[in-house]
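Reading through the structure tokens given below for one structure.
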Amino acid sequence: AGPMVSMKAFSMNMPFAGLIAHGEKTLETRNHTMFEGTEGQRMALHVGQRTYPDGGKHKEILREGAPGISGLEGMDDATIARVTSLPKGMSRGQVVAVVTLGKTTFVPDEAERSNPEVQRRCVATGAAMGRYLTEVAGTVWLEEGVPIR
């Protein structure tokens, strides 16, 4: 075991935890203010046991991308499979990465959240995402997953 550090953690279910850890989900949204005041802070990303039931909508959004926006082009199925899963040796129930959080913005207007760039960065529809949008400024994988409860 390596050196121990203590930091706050937040939990996400798959496939979204994988998308954040792979750097493909650059906006995290919630319907509450849990990330307000955390700009610039680093938090551990814990992968929950469940799969979020979005009916495959995340795959549609990743396939389509945000046309005309560099870095947000559509993906093929093999790439989608890779970025929605965890690397070998990592699993649900573990902390797998450290995430640097950016600014949190309250966006109550569903139409504004439904912008193709926002939907692609969040990998969710404007209707399904939360109203508090937090930038994910960076993500670093851990060398190995750390089980926590």
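The values are calculated or read from the model by the stated rules, or taken from the named source; none is laboratory data. Because the structure is a prediction, the values reported are computed rather than measured. In this analysis, Cβ positions are derived from the backbone assuming ideal geometry, glycine residues included, and neighbour counts consider all displayed protein chains.
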A careful count of residues in segment 54-71 that are within 15 Å of the chain's Cα centre (by Cα) and either part of a loop (DSSP other than H, G, I, E, B) or hydrophobic (A, V, I, L, M, F, W, C) (or both) gives 3
Check residue 28 against each of (1) over 17 Å from residue 126 (Cβ atoms); (2) not in a loop (DSSP other than H, G, I, E, B) and name the one condition it does not meet. (1)
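For every residue, the table says whether it meets (1) among the β-branched types (Val, Ile, Thr); (2) at pLDDT below 95; (3) within 27 Å of residue 41 (Cβ to Cβ); (4) in contact with a strand residue (DSSP E or B) (Cβ under 8 Å, 6 or more places away or on another chain).
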site	(1), (2), (3), (4)
70	no, yes, no, no
77	no, no, no, no
98	yes, no, yes, yes
101	no, no, yes, yes
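Matching residues to (1) surrounded by 15 or more Cβ atoms within 10 Å (Cβ to Cβ); (2) modelled with pLDDT of 95 or more; (3) more than 15 Å from the chain's Cα centre (by Cα); (4) of a type in the set (A, V, I, L, M):
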position	(1), (2), (3), (4)
5	no, no, yes, yes
9	no, yes, no, yes
14	yes, yes, no, yes
29	yes, yes, no, no
33	no, yes, yes, no
40	no, yes, yes, no
Residue count, segment 86-116, condition without any contact (Cβ under 8 Å) to a residue 40 or more places away in the chain and assigned to a loop (DSSP other than H, G, I, E, B), comes to 6
Subset tally (residues that are in contact with a helix residue (DSSP H, G or I) (Cβ under 6 Å, 6 or more places away or on another chain) and assigned to a loop (DSSP other than H, G, I, E, B)) for segment 72-85: 5
Taking residue 19 and the conditions (1) outside any loop (DSSP other than H, G, I, E, B); (2) exposed (fewer than 15 other Cβ atoms within 10 Å of the Cβ), which numbered condition does it fall short on, given that it satisfies the others? (2)
Do we find a residue being surrounded by 13 or more Cβ atoms within 10 Å (Cβ to Cβ), of a type in the set (Val, Ile, Thr) and closer than 13 Å to residue 21 by Cβ anywhere in segment 117-131? yes
So which pairs qualify, if the first residue must be in segment 66-77 and without any contact (Cβ under 8 Å) to a residue 40 or more places away in the chain, the second must be surrounded by 10 or more Cβ atoms within 10 Å (Cβ to Cβ), the Cβ gap must be under 6 Å, and the two must be at least 6 apart or on different chains? 73/65; 74/63; 74/64; 74/65; 75/62
Of the conditions (1) in contact with a strand residue (DSSP E or B) (Cβ under 9 Å, 6 or more places away or on another chain); (2) touching a residue at least 60 places away in the same chain (Cβ under 8 Å); (3) over 20 Å from residue 100 (Cα atoms), the single one that residue 51 does not satisfy is (2)
